[in-house]
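The next block holds one structure in the form of structure tokens; read it before the comments.
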Amino acid sequence: MAGHTGGTSARMSKRRVAGSGSADGDAGTAFWLMAPALTLYAVFTLLPIAATFWLSFNSSAGFNTSARFVGLDNYAKAAQDPIVWKSLVHTFLWLAYHVVMAGGLGLLLALAVSRLRVTQVFFRTAFFLPHLVSLAVVGVIWANIYDPFFGLLNTALTRIGLGAFTRGWLSDPALVLFSVNVASSWQGFGLYMLLFIAGLQNIDHSLYDAAEVDGANAFQKLIYVTLPGLREVTTFVVSLAMINGLKGFATVFVMTNGGPFYQSELITTYIYRLAFQSQDHGLAAVLCILLSLLALAITIVFNRWRARLSQ
């Protein structure tokens, strides 16, 4: 009996050793299979992040031989730079404009287009087409629309007797950020519209039938059935719009280059100006870190709000 027990234990020990060896082999195989992807991730993601932190503590000479450690001087310089604070305020405004205009217009068009039967595919395609156009091209198109002398907008206002409302849409400091954001939102609303239409198609139609039995009108069905049914899609669209808003660069760069008088300057355009025009790499690196922290903070706050909303 004791011999039989001892033999069984020996066989189990051999199996454990064999299993451990097999697990080690699988881990080694997995590591070598992931090695190319890990290498690319390290070279193109981790290394630039590390280089950005290194630059933020060095002089603006960047990677050349005259670069020297300056501690927190670049951070102090950023805190004392009024353009940094102005571009930060503009970035928040840009974010709010984009969420409201692109997301709001996407929702309104989704509600309208989803009611169509015969022409729904046509309008879905037509409204989505601007999203396929490059933001740089969108900037050129809308810069011509806003032209104060020959642009489509001022010409149309004059022709219908509203010449008093003609403006220099890209030269007026009070209007320029909003005007450029209209162009950017025009490029983005088509994607949000498709997401809302997909959400509308997933709402149980028996809820509308029950609301009709209870005597609800169209507005009450929108408030108590449609909008609650779009809650998940809405949170996704808002998060996507916020991410796209933080990446705002191309339309501002093409249409105004941050002007006039820095009134359309965003953090992203100011980073470009510092890094590639002023060669102030240290301050640009500080702003890159600031933008990353801003995106991280917004993501955390938004996800907590979303979790609380779903409870």
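The values are calculated or read from the model by the stated rules, or taken from the named source; none is laboratory data. The model shown is predicted, which means the values in this text are computed figures rather than measured ones. Because the Cβ atoms are built from the backbone with ideal geometry, glycine has one as well, and the counts that use them run over all protein chains shown. Surface accessibility is based on the protein's heavy atoms, side chains included, excluding ligands, DNA and RNA. Shrake-Rupley method; radii C 1.70, N 1.55, O 1.52, S 1.80 Å.
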**Message:** Suppose R0 equals 51 Å. What FRET efficiency, 1/(1 + (r/R0)^6) with r the Cβ-Cβ distance, do A79 and A216 give to the nearest 0.05?
**Reply:** 0.40
**Message:** Residues of region 286-311 with backbone nitrogen within less than 14 Å of a virtual label 7 Å along the Cα-to-Cβ line of V70, please, listed as ranges.
**Reply:** 286-287
**Request:** Before rounding to the nearest 500, sum -39500 (n - 2.57) across all DSSP H runs of length at least 4 in the chain and divide by the residue total; then give [θ] at 222 nm in deg cm²/dmol.
**Result:** -22000 deg cm²/dmol
**Message:** For the chain, take the longest principal axis of its alpha carbons; what is the angle in degrees between that and the long axis of helix 104-113, to the nearest 10 within 0 to 90?
**Reply:** 80
**Request:** Tally up the carbon and sulfur contribution to the accessible surface of the chain as a whole percent, 1.4 Å probe, everything protein left in place.
**Result:** 69
**Request:** Within region 65-163, list the trypsin sites (Lys or Arg not before Pro) lying in a DSSP loop whose Cβ has at most 10 other Cβ atoms in a 10 Å radius.
**Result:** R68, R115, R117
**Degrees between helix 135-145 axis and first principal axis of the chain (Cα, 0 to 90, nearest 10)** = 10
**Request:** Please check which bits of region 270-311 a label hung off Y41 would reach, taking the label as a point 7 Å along Cα-to-C-beta and the cut-off as backbone N under 20 Å.
**Result:** 296
**Request:** Describe numerically, in nm with one decimal, the distance between label points set 7 Å from Cα along Cα→Cβ at F302 and at L33.
**Result:** 3.4
**Fill in**
Taking r as the C-beta separation of Y224 and Q279 and R0 as 45 Å, the FRET efficiency to the nearest 0.05 is 0.20
**Asked** Counting other Cβ atoms within 10 Å of each Cβ, which chymotrypsin sites (Phe, Trp or Tyr not before Pro) in region 216-269 have at most 14 and sit in a DSSP loop?
**Response** F261
**Prompt:** When the chain is treated as a GNM, springs tying every alpha-carbon pair under 10 Å, which of L157, L38, L135 comes out with the largest mean-square fluctuation?
**Reply:** L38
**Prompt:** Calculated FRET efficiency, F178 and D26, Cβ-Cβ r, R0 51 Å, to nearest 0.05?
**Reply:** 0.35
